[in-house]
Amino acid sequence: MNRLAKYYWSRLKRNRLAVAGMIYIIILILIAILGPYFTPDPNKVNFAEKNIPPIGFSIKQSYYDAKKGEFTTVVVHGNLEHPLGTDDKGRDLLSMLVSGARVSLYIGILATGVAILIGAVIGVSSAYFGGAVDNVLMRFTDIMMTFPFFLLLVFVVFIFGQSINLIILIIGLTGWTGTARLVRSEALSIRTREFIQAAIVLGADSKRIILRHMIPNVISVIIVIATLSIPGVILAEAALSFIGLGDPTVASWGRILNAGQDTLDTTWWVAVEPGILLFLTVLAFNFLGDGLRDAFDPNK
C-alpha cells in the first residue's frame with residue numbers, strides 16, 4: 001500500500017459506519033462467490049418440505065387427511081437443514097438469497113461500471129475540449145436526463161425481453177448522466193492546472209492528456225459516484241423483478257419478494273428476508289460512499 005493509499009485509508013477508517021459498510025459488502029461478495037458451493041440448488045422443488053419457517057420459529061399448518069376424512073393441524077418447526085426456511089414450493093430460502101446476492105452484485109457492479117465509463121469519458125471530454133463540444137455533449141446529457149429512468153427501463157425490457165445482460169446494458173447506457181455532470185465540474189478545475197498546460201505545450205495529443213492526466217485526477221470522484229450508484233442499480237433490478245420484468249431464469253431478491261407478497265400472513269419470512277438484505281446492502285453502500293466522499297474531500 002503506497003503512501004497516498006495509506007493516507008486515504010487512515011481518513012476512511014475514522015468513519016466507523018463506512019468501515020462497517022465495507023466489511024458487510026466484502027462478506028456479501030464472498031457469500032455470493034462461495035455460497036453456491038455450500039448450498040443446495042435454489043430452484044430445487046420439494047413440496048414435502050414446503051413452508052418450513054426459519055430456525056427458531058414455528059408455525060401451524062393444516063392439511064386434509066384423506067384417511068380420517070378431516071383437516072389435521074400440525075406444528076412445523078425450523079431446522080438446521082433449512083436455516084432460513086423454505087417457500088411454498090419447498091425451495092431453500094438460504095440458497096435463493098445467495099443466488100439473489102450474486103445477481104444483485106453482478107448487475108449492480110457491471111451496470112454501474114458501464115455507466116461510470118461512459119459518464120467519465122463524456123464529462124472529461126466536455127471539460128477538456130470546451131466550446132462547441134462542451135455545448136453539444138452537455139445538451140445531449142440534459143436531453144437524456146429528461147427521460148424517466150425507471151419507466152424507460154421498464155419499457156425497453158418489456159419490448160426486448162427479460163435478460164440480465166439486457167438490464168445491465170440499458171442501465172449502463174442510460175444511467176451515466178449524473179456522472180458526466182459531476183466529472184465535468186471536477187475536470188474543469190483540473191483543465192486549468194499547470195501540469196495539463198505543460199502537457200499541451202509539450203505537444204501531447206488530446207487522447208493522452210485525457211487518459212493519462214485528466215481521468216486519473218478525477219478517479220476519486222469516480223470511485224465515490226460508483227459506490228453511491230450501485231445501490232440505486234440494485235434497487236432498480238429488484239423493482240423490475242418485483243413487478244415481473246426481471247430475468248425469470250434466476251432467483252433474484254426482487255423475485256423472492258414478489259413470491260412472498262401474497263403469503264405475508266402465513267409464510268412471512270419469504271418476503272421479509274430478501275427485504276432485510278436489500279435494506280442492509282443499500283445502507284452499506286451508502287455508508288461506504290459517504291465515507292469515501294469524506295476521505296477524498298481535502299476540506300475535511
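The rows are residues; the columns are (1) farther than 30 Å from S206 by Cα; (2) surrounded by fewer than 14 Cβ atoms within 10 Å (Cβ to Cβ); (3) over 19 Å from the mean Cα position of the chain (by Cα).
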position: F38; (1), (2), (3): yes, yes, yes
position: P42; (1), (2), (3): yes, no, yes
position: L97; (1), (2), (3): yes, no, no
position: S126; (1), (2), (3): no, no, yes
Within segment 264-274, the residues that are more than 15 Å from H82 (Cβ to Cβ), assigned to a helix (DSSP H, G or I) and out of contact with any helix residue (DSSP H, G or I) (no Cβ under 6 Å at 6 or more places or on another chain) are V272
Only one of R208, R193, R212, R181 is surrounded by fewer than 21 Cβ atoms within 10 Å (Cβ to Cβ), more than 17 Å from the chain's Cα centre (by Cα), assigned by TED's automatic domain parsing to the domain that holds L28 and within 15 Å of A115 (Cβ to Cβ), namely R181
Would you check if there is a residue in segment 128-138 being of a type in the set (S, T, N, Q), in a helix (DSSP H, G or I) and buried (at least 19 other Cβ atoms within 10 Å of the Cβ)? no
If you go through P231, P216, the only one that is modelled with pLDDT of 90 or more and not small (G, A, S) is P231
Note on segment 234-258: residues modelled with pLDDT of 85 or more, surrounded by fewer than 23 Cβ atoms within 10 Å (Cβ to Cβ), over 17 Å from G175 (Cβ atoms) and touching a helix residue (DSSP H, G or I) at 6+ places or on another chain (Cβ under 7 Å) are F242, L257, N258
Taking segment 79-93 and the residues there that are touching a strand residue (DSSP E or B) at 6+ places or on another chain (Cβ under 7 Å) and either among the acidic types (D, E) or closer than 16 Å to T266 by Cα (or both), the one that is surrounded by the most Cβ atoms within 10 Å (Cβ to Cβ) would be T86
Scanning segment 10-48 for residues that are touching a helix residue (DSSP H, G or I) at 6+ places or on another chain (Cβ under 8 Å) and among the aromatic types (F, W, Y) gives Y24
Only one of K13, K50 is over 28 Å from S99 (Cβ atoms) and not hydroxyl-bearing (S, T, Y), namely K13
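Residue by residue, here is whether (1) in the same structural domain as V98 (by TED's automatic domain parsing); (2) closer than 21 Å to L84 by Cα; (3) in contact (Cβ under 8 Å) with a residue 40 or more places away in the chain; (4) in contact with a Leu (Cβ under 8 Å, 6 or more places away or on another chain) holds:
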residue	(1), (2), (3), (4)
Y7	yes, no, no, no
K13	yes, no, no, no
M22	yes, no, yes, yes
L34	yes, yes, no, no
Y37	yes, yes, no, no
N46	yes, yes, yes, no
The condition of being part of a helix (DSSP H, G or I), over 28 Å from N165 (Cβ atoms) and over 28 Å from the mean Cα position of the chain (by Cα) holds, among A48, A18, only for A48
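The values are calculated or read from the model by the stated rules, or taken from the named source; none is laboratory data. Because the structure is a prediction, the values reported are computed rather than measured. Heads up, the Cβs are rebuilt from the backbone with ideal geometry, glycines too, and the neighbour counts pull from every protein chain shown.
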